[in-house]
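Here the structure comes first, spelled out in structure tokens, and everything after it is commentary.
The values are calculated or read from the model by the stated rules, or taken from the named source; none is laboratory data. Remember, it's a predicted structure, so these values are computed and weren't measured experimentally. A quick note on method: Cβ atoms are made from the backbone with ideal geometry, for glycine too, and the neighbour counts reach across all protein chains shown.
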Amino acid sequence: MIQQTKLIVWPGKPYPLGATWDGEGVNFALFSEHAEKLELCLFDESGRREIHRVPIREQTDQVWHCYLPEGRPGWLYGYRARGPYEPNMGQRFNHHKLLLDPYAKQIRNGLKWHDAHFGYKIGHRNADLSYDRRDSALGMLKGIVVDPAFLLEGRRGNHWRAGVSHYRIE
């Protein structure tokens, strides 16, 4: 169940993209050309329970953004996007599906593959034109808000060490 307590939400800035901790709070920014509504979902430490859902109301040049002055490194998050579900037109918005921030600096919770990750019902007579209302959050990866001062612990070969995650630089 999502907590009913209110978080303070400021407009924020469209850049940089992703979740950016500035030492006082977190700016969230995500590009979407066709979304009609975007929600930021915050999770408990285990990543299993959504504890807040924040409507993002600000949009600048197709970048949705908000600033949470209470935000802190370590927060787990994802997004839900609403928009047209018109598969024949290439639009497949489904707010029941949690989206991983493509700009996340770090991710957590291993992906637990399940048919609920698909926006349509597997095996339905209308195939991929159907619509699946199951929530995918439980088995989905989540972004982690990081403190950039501690993001890069050192460089070894072609790998940057970021906590327990390794990023390969090509």
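Among the residues of the range 129-161, those identified as at pLDDT 90 or above and among the charged types (D, E, K, R) are Asp132, Arg133, Arg134, Asp135, Lys142, Asp147. Filtering Tyr103, Tyr79 for residues that are part of a strand (DSSP E or B), at pLDDT 95 or above and of a type in the set (Ser, Thr, Tyr) leaves a single hit, Tyr79.
Output the residue which, of all residues in the range 1-48 that are basic (Lys, Arg) and either under 16 Å from Tyr103 (Cα atoms) or modelled with pLDDT of 95 or more (or both), is nearest to the chain's Cα centre (by Cα). The residue in question is Lys37.
Summed over the range 124-150, the residues that are out of contact with any Lys or Arg (no Cβ under 6 Å at 6 or more places or on another chain), surrounded by 14 or more Cβ atoms within 10 Å (Cβ to Cβ) and among the charged types (D, E, K, R) give a count of 2.
Would you please list the contacts, defined by Cβ atoms under 7 Å and residues six or more apart or on different chains, that run from a residue in the range 131-148 that is in contact (Cβ under 8 Å) with a residue 24 or more places away in the chain to a residue that is of a type in the set (Asp, Glu)? So the pair list comes out as Ala137/Glu50; Gly143/Asp101.
In the range 1-75, counting only strands (runs of 3 or more DSSP E) that sit wholly within it, none holds 3 or more residues that are aromatic (Phe, Trp, Tyr). Quick check on Gly110: is it part of a loop (DSSP other than H, G, I, E, B), surrounded by 13 or more Cβ atoms within 10 Å (Cβ to Cβ) and small (Gly, Ala, Ser)? Criteria not met by Gly110.
Taken residue by residue, the range 113-123 has no member that is small (Gly, Ala, Ser), surrounded by 14 or more Cβ atoms within 10 Å (Cβ to Cβ) and under 12 Å from the mean Cα position of the chain (by Cα).
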